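Report on the following structure.
Just so it is clear, none of the values below were taken in a lab; they were calculated from the coordinates. Just so you know, these numbers come straight off a predicted model, no measurement behind them. Cβ: placed from backbone, ideal geometry, glycine included. Neighbour counts: every protein chain shown.
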Ligand code: ADP
């Protein structure tokens with residue numbers, strides 16, 4: 001362990017950071033008392049991850065100095081690794097990845113193995129994704145007993161219940177993704193699985209759409225349903241009927257989402273190791289069976305250069321690119337070291353991870369950066385900024401991975417990868433970029449989450465145990481104060497509404513820039529997701545928000561656009577379609 005320097009500064013905590021750290025991240029002794037401070041936490045993480053550097057003879061960095069760089073990186077809120085790394089680095093548990101995918105084989109033994117493995121992963125703070133596509137359809141014969149099988153949806157319930165019983169670190173429950181291919185005979189049951197509110201509440205469900213299916217929708221044709229155990233075609237359905245049902249259910253409850261499986265596999269860098277059949281719980285990380293990935297996110301709000309913004313001069317665009325480059329390179333090194341520092345719950349997982357060394361560097365605070373620069377999210381300028389920023393992170397991230405490969409060697413599966421065939425690399429990591437939701441990380445860093453617009457300019461946040469946090473966006477507060485129009489009455493009404501779009505008395509520019517998720521037309525949500533996807537190795541966590549009055553046709557159009565625009569999947573959420581929301585504006589509270 002690298003000793004803490006005597007003069008190590010205390011982190012300057014953002015308003016809600018302390019509450020979240022205390023609840024979930026700071027280590028506690030057996031009697032429940034806190035046994036570390038935020039400074040201890042960030043040093044524990046920084047020093048444990050930097051210590052891995054010592055293993056590499058040809059490393060360009062010295063562990064002590066690197067530990068200090070990592071500490072400053074995190075406590076400057078410029079970059080944070082995913083929650084399990086913050087919780088477990090430098091501890092006996094040592095499980096540092098947020099994302100796992102487990103295979104579910106078509107036998108009782110394999111199904112319950114998967115349940116057990118998932119329990120072990122949840123206990124350590126990770127989330128799991130599964131494809132249920134290999135399970136034989138309900139009512140098919142079970143050879144050994146002469147009975148009939150209960151089918152994927154029925155087994156899904158077992159996974160859901162097991163998840164319910166395991167609290168991570170005594171607080172939150174695990175999260176799961178369940179995927180079924182659209183050509184599985186039980187697909188209609190699966191699409192309807194979350195009809196009853198509260199059913200399968202520990203799962204996000206997504207239908208795995210194939211290219212053949214999408215073409216059948218386009219041409220209004222029927223397509224085959226195939227039993228995975230026998231390979232037989234057991235039925236045919238009209239593709240448009242299935243697509244319409246999907247749309248209808250997503251309109252009613254937000255579930256299921258869709259993922260484009262063939263597209264995900266087209267981008268699979270290591271097809272020799274098999275097909276990708278699922279993603280992690282929030283959809284941003286496609287993985288092979290028994291693969292895990294650790295994520296980390298750069299807070300873009302930190303890279304605004306005030307006074308350096310001049311529309312007439314493209315070189316003065318208000319962004320500190322040099323610092324962003326430094327942070328990307330440091331973050332890639334951090335995430336690669338996390339792989340070495342991590343203890344995995346199963347030898348099979350450790351083996352797959354070490355072969356491919358996938359990492360997922362992404363961004364958060366994008367909406368904040370737009371506010372700082374005075375650029376509306378729902379504008380061509382906003383999209384262009386997304387492309388520029390993520391294009392840069394992607395390019396520098398890949399360069400950093402090439403540099404690490406020179407120091408440490410490429411990922412072991414590189415020679416058989418698609419990169420080697422295309423003469424790209426060698427890279428240290430099979431994937432480098434992923435856009436995570438940053439649900440809790442963004443609270444710790446005090447920034448907007450992932451690449452999402454703000455949900456509301458002021459809102460109350462329901463956190464664990466029914467506690468609430470009231471938040472006013474600081475950029476909005478400052479911009480409003482600058483207009484001289486701020487007043488208590490005005491703030492009260494912004495808290496109640498969350499949005500300022502119908503406040504005609506406010507300057508037009510202010511209203512254009514300070515848009516919220518519900519103010520933004522769905523098509524702009526989708527365009528933004530597609531813009532980030534174009535510069536991301538893995539996928540993008542993004543919700544397309546729709547107003548309560550949106551129609552099924554609106555969802556159909558969004559799904560279709562996601563397909564045309566090259567997204568890897570899409571999740572929609574129609575306001576008010578579930579009674580419990582994690583974030584809520586004042587109205588209806
Ligand atoms: P965080 O901000 O805590 O790092 P994110 O909201 O960015 O997490 O989610 C990233 C990934 O972490 C998810 O896609 C999922 O794989 C995992 N994850 C998130 N929440 C949970 C949870 N409650 N249980 C298990 N895994 C989770």
field: Semi-axes of the equivalent ellipsoid for the range 206-296, Cα gyration tensor, largest first, Å
entry: 25, 18, 12
field: Highest to lowest packing among 209-221, 80-92, 273-285, scored as the average C-beta count within 10 Å
entry: 273-285, 80-92, 209-221
field: Expected-Rg normalisation [2.2 N^0.38 Å, Cα atoms] applied to the range 342-484
entry: 1.37
query: How do 10-16, 344-350, 485-491 rank on mean C-beta neighbours within 10 Å, highest first?
result: 344-350, 10-16, 485-491
- prompt: Given 25 °C and 0.890 mPa s, how large is the Stokes-Einstein diffusion coefficient of the range 24-129 in µm²/s, with Rh as the Kirkwood radius over Cα pairs?
  reply: 156
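Kirkwood hydrodynamic radius (Cα pairs, Å) of the range 1-81? Mind dumping the intermediate values first?
Values: mean 1/r = 0.0735 Å⁻¹.
Mean inverse Cα-Cα distance, inverted, gives 13.6 Å.
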task: May I ask you to order 103-113, 427-437 by the average number of other C-beta atoms within 10 Å around their residues, highest value first?
output: 427-437, 103-113
query: Over all directions, what mean area does the Cα convex hull of the range 131-244 project, stated in square nanometres?
result: 8.5
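For the range 232-373, compute the orientation-averaged projected area of the C-alpha convex hull (one quarter of its surface), in nm².
On the way: hull surface 56.3 nm².
Projected over every direction and averaged, the Cα hull of the range 232-373 covers 14.1 nm².
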query: Rg (Å, one decimal) plus Dmax (Å, integer) for the alpha carbons of the range 292-360?
result: 17.6, 57
- prompt: What value does the range 93-141 have for Rg/Rh, both radii from Cα atoms and Rh as Kirkwood defines it?
  reply: 1.07
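Summing -39500 (n - 2.57) over the DSSP H runs of n ≥ 4 in the chain and dividing by its residue number, what mean residue ellipticity at 222 nm do you reach, to the nearest 500 deg cm²/dmol?
Numbers: 21 runs with 230 residues, N = 589.
Value at 222 nm, helices only, nearest 500: -12000 deg cm²/dmol.
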- prompt: If the chain between residue 108 and residue 316 were fully stretched, how many nm would it gain, using 0.36 nm times the residue separation less the Cα-Cα distance?
  reply: 68.7 nm
Inter-centroid distance (Cα atoms) of the range 1-27 relative to the range 414-461, Å: 23
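Using only the Cα atoms, what convex hull volume per residue in Å³ does the range 179-259 have? Write out the running numbers ahead of the final one.
Details: hull volume 6.9 nm³, N = 81.
Taking the convex hull of the Cα positions in the range 179-259, it is 85 Å³ per residue.
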statement: Rounded to the nearest Å, the spacing of the alpha-carbon centers of the range 133-155 and the range 227-272 is 20
field: Rg(Cα)/(2.2 N^0.38 Å) for the range 473-589, N = residue count
entry: 1.23
message: At a threshold of 8 angstrom on Cα-Cα distance, excluding pairs fewer than six apart, so keeping six or more, what relative contact order does the chain reach in percent?
response: 15
message: So if I take the centroid of the Cα atoms in the range 317-334 and the same for the range 470-549, what is the distance between those two points in Å?
response: 26
Span per principal axis, largest first, for the Cα atoms of the range 305-402 (Å): 56, 26, 18
- line: Quick shape check on the range 146-203: root eigenvalues a ≥ b ≥ c of the Cα gyration tensor, a/c under 1.5 is rounded, otherwise prolate if a/b tops b/c, else oblate, and it reads prolate
message: Using a Debye calculation, one point per C-alpha and no hydration shell, please list log10 I(q)/I(0) for the range 414-554 at q = 0.15, 0.19, 0.20 Å⁻¹ in order.
response: -0.89, -1.22, -1.30
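Mean projection of the alpha-carbon convex hull of the chain over all orientations, in nm²? Numbers along the way, then the final one.
Working: hull surface 111.9 nm².
Approximately 28.0 nm², given one-decimal rounding.
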message: Bins of 5 Å, beginning at zero and ending with the bin holding the largest distance: percent of Cα pairs per bin for the range 401-454, please.
response: 5, 19, 19, 12, 7, 11, 16, 9, 2
